[in-house]
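First up is the structure itself, then whatever we jot down about it.
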Amino acid sequence: MRLHPSTFLRSGSFTVLVVLPRHLVRADFSGQPPALRQLWQSDAPMGESLPVLADAAFALGPTRKASVYVFATACWTGVLPLSSAKASTLSATELCQALGFEAETLSNISPFDSLLAATPLAGKSGDRLFWVTQVSRSELGAVEDTLLRRGARLAGFAHPGGLPRALSEHPGASWSRSELWGDSAVCIDRSDSIGLRLQVLSAFGGHGDWLNEAEAWFATQGIAPPHERLIAPGVPFGKAELAAHDLNDAKGLADWLTAWACEISRKTPGNPVLRAPPRPMSSERRFSLSAGWTALAVLFCVAHGYWLKHTETSLQQELARVQEPVKRLEATKSRARASALRLAEAREQLLVAQQQQSDWEHVTRLERRRHAVLLHALADLASDDFVVQAVGESAGETHISILAMRPELPDFTDRLGAAMAPLNWHVEPPNRQALNLTPDGGPWQLNWTIHEINSAR
């Protein structure tokens, strides 16, 4: 985990990808200040992982070797408090570690397997507030690998919410805005006297619910209306006349992307931006180095063989007079044979290591997708007849607990099993427990167990 200053390229061309659950956008920029050269967008394929969606977004336009900045709602973002006394004693790395532990209960991302960036915010209390963006290290690595296969380089990763600059003309330097991003909403305010203030809200209800919460937050902060309103692409709003900046409109989307491009081109952007950590040497690079050293060893052995042959000829001429060179020659031959044996063993060990690496990469890719596909499947199966209470894992098995008004959920097991079968997971029929809170015995506690197909009982 690192607190990145996120120094971006200030010249040349780059690409911005916006990856949302229902919508994909690609925008190519060049020049300084950045100018939008071309824009593509399309609906997102349902049920796919973040790396797949990022690849689909990049594929909307032509392949090019460029720096790519990904804005995705799949990462977690929010505001975390930290006592001023504690924050003032921590280094940048220690501060990110502390914020990672604070964010774990909200993001469900282990602080030991995450990348985190933070931006200080203005606040009235004694605590210091930080705008935090966090993502799984493995998931960000998968996105980076996907772009590398396309010939591009991941330069930054951030949440699309909270653009720290105004989108409308304002009579003064102060402005405020509320943004709807599907299942979350972002409230942001900036003024010369206080600085940047921000809050992230849940937006699972109707459009009126999150608007009321946003207005309530603005009121508690003493921020007077009017406020800008922004709606993400692919997100229905309900009352279009209330959205001053609707990103479903092509011009509004282009203006918003250009504003983000200008922001990330600054030496220090005003939002938390994640940068991929330095990558270890790739297997291809290791293989190339191994092949190079092997070739050098072969050349050395050939040259050594010629030298031995020449030496042997000279020693045979002197054999009648000098016997000692013969002993040295035999010792040299013995060392050459031992070197050849060690070289053969090293080659065999290299082949075994390559096979083990291939097996590990296959298992890792499978594990990366399983939980994302499970959550997508549960989202697709969601209805008013039940509530998902918990999704947990123990003893190598995944457990799903649901509270339902009926003892049976038709097709639930079959559809969930069909979604997980390609990933080698088997869904057992649920066990039921009547809670006897209603005359018909309901509600019912339904529990499913999911495990590897090769360990099914």
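Out of Leu20, Leu60, Leu50, Leu36, report the one residue that is surrounded by fewer than 18 Cβ atoms within 10 Å (Cβ to Cβ), under 25 Å from Ile188 (Cβ atoms) and at pLDDT 90 or above.
On the way: Leu20 fails: surrounded by fewer than 18 Cβ atoms within 10 Å (Cβ to Cβ); Leu60 fails: under 25 Å from Ile188 (Cβ atoms); Leu50 fails: surrounded by fewer than 18 Cβ atoms within 10 Å (Cβ to Cβ).
After applying the criteria, what remains is Leu36.
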What strands (runs of 3 or more DSSP E) lie completely within the stretch 338-431 and have 1 or more residues being farther than 30 Å from Val298 by Cα and charged (D, E, K, R)? 386-394, 397-404
The lone condition Gly141 fails out of (1) surrounded by 15 or more Cβ atoms within 10 Å (Cβ to Cβ); (2) not in a helix (DSSP H, G or I) is (2)
From Gly252, Gly238, which residue is surrounded by 11 or more Cβ atoms within 10 Å (Cβ to Cβ) and at pLDDT below 85? Gly238
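Here is a list: Ala261, Ala295, Ala331, Ala291. Which entry is modelled with pLDDT of 90 or more and in a helix (DSSP H, G or I)?
Details: Ala295 fails: modelled with pLDDT of 90 or more; Ala331 fails: modelled with pLDDT of 90 or more; Ala291 fails: modelled with pLDDT of 90 or more.
Testing whether each residue is modelled with pLDDT of 90 or more and in a helix (DSSP H, G or I) leaves just Ala261.
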Hey, could you check the stretch 145-199 for residues that are more than 28 Å from the chain's Cα centre (by Cα) and assigned to a strand (DSSP E or B) and say which is surrounded by the fewest Cβ atoms within 10 Å (Cβ to Cβ)? Gly195
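The values are calculated or read from the model by the stated rules, or taken from the named source; none is laboratory data. Everything numeric here is computed off the predicted structure, so don't read it as measured data. Counting neighbours? That spans all protein chains shown, and the Cβs are built from the backbone with ideal geometry, glycine included.
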